[in-house]
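Just below is one structure, and these are the notes that go with it.
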Amino acid sequence: MSVKFQPVSNIKTRLGIQKYGPAHKFFANNCMNRMNARYTPEREGENGLTGSSIVDEKCNIIYQSPYAHYLYKGKLYVDPETGSSWAKEGTTKVPTNKNLKYHKSGTGPHWDKKMVSAEIKDIERETNEYVKRGCK
């Protein structure tokens, strides 16, 4: 008796669990939504980071705001010549040792890591349920 198996790639595609497939996109969008709801800081007077976030075709979560990097790192960046947090266009700021102060409770630098440490079990459960439903 012989048993013929489908290639693993075919099985993964049928289940929707291939790289960049429906389950991967569901997982990335779930993470982004959770980060935006509780962990991503907003900047007063502007649309903030949550409005600039996207999941790209490779399931990377990207914050497109020009100040996202600074808020993610959590350090004050300054003009290397003047020491001011304001810099002329085209100037590359440098980090200082001064921590940023976040005003939205529960937020701070490295908000992805904060979210994962607090919510990974729920994300795993929800992703498993999504796959069990046939990625619907």
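Only the coordinates and a few stated rules stand behind these numbers; no lab work does. Note that the coordinates shown come from a computational prediction; the quantities given were computed from them, not determined experimentally. Because the Cβ atoms are built from the backbone with ideal geometry, glycine has one as well, and the counts that use them run over all protein chains shown.
The figures follow:
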{"quantity": "Percentage relative contact order, the chain, counting C-alpha pairs under 8 Å, at least six apart", "calculated": "27"}
{"quantity": "In Hz, Karplus ³J(HN,Hα) per residue of region 121-136 (6.51, -1.76, 1.60; θ = phi - 60°; x = Gly, Pro)", "calculated": "4, 5, 5, 4, 4, 5, 5, 4, 4, 4, 5, 4, 7, x, 6, 10"}
{"quantity": "Neighbour cut-off at most 11 other Cβ (10 Å), DSSP loop, trypsin sites (Lys or Arg not before Pro), region 6-35", "calculated": "K19"}
{"quantity": "R0 of 35 Å, Cβ-Cβ distance A37-K98: FRET efficiency to nearest 0.05", "calculated": "0.80"}
{"quantity": "On Cα atoms only, tilt of 22-34 relative to the major axis of the chain in degrees", "calculated": "30"}
{"quantity": "12 Å beta-carbon shell around K93, net charge (K/R +1, D/E -1)", "calculated": "0"}
{"quantity": "Simple spin-label estimate for L76 and I61 in nanometres, 7 Å along Cα-Cβ", "calculated": "2.9"}
{"quantity": "Ellipticity estimate at 222 nm from DSSP helix runs (n ≥ 4, -39,500 (n - 2.57)) divided over the chain, nearest 500", "calculated": "-11000 deg cm²/dmol"}
{"quantity": "Sorted peptide list for 112-120, 68-76, criterion being average Cβ within 10 angstrom, highest first", "calculated": "68-76, 112-120"}
